[in-house]
1. For region 14-27, what are the residues that are of a type outside the set (Lys, Arg) and either at pLDDT 95 or above or not in a loop (DSSP other than H, G, I, E, B) (or both)?
2. Scan region 45-58 residue by residue and report those that are surrounded by fewer than 13 Cβ atoms within 10 Å (Cβ to Cβ) and either under 14 Å from the mean Cα position of the chain (by Cα) or in a helix (DSSP H, G or I) (or both).
Amino acid sequence: MVPCKIKVVEVSVNRKLADQLHIFPLAPCPLYQAGREWILRHYGRPLDLCENAWTAIHRIVYAIMSGAGSDIGGRCWVEDGKRAVVCCNDGLRPVVFELTWLDAQPP
């Protein structure tokens, strides 16, 4: 398996939607800080990564670790074919992750 780095690049709040839906107060996801990283050498959810975030990103993590890279398609892939940018499925408090292929070149 190809090692994969998961990095939190942004933790935010969708205030416009929260205001529209009258959801108060609303704070960013308390589980993550920008810059937090995990290095996966074996496929499986890190225990300190929430299940909702894992559900949102696991297929891309698996593609990277299996060597498929951007060959699987999708709009989340960055042009270099070694990184993808994906977001958890919390519409009010999204966490954006960068998933990176750690070997030198994708196949």
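1. 17, 18, 19, 20, 21
2. Listed by number, the residues that qualify are 46, 48, 51, 55.
The values are calculated or read from the model by the stated rules, or taken from the named source; none is laboratory data. Just so it is clear, the model here is predicted, and its values are computed rather than measured. Counting neighbours? That spans all protein chains shown, and the Cβs are built from the backbone with ideal geometry, glycine included.
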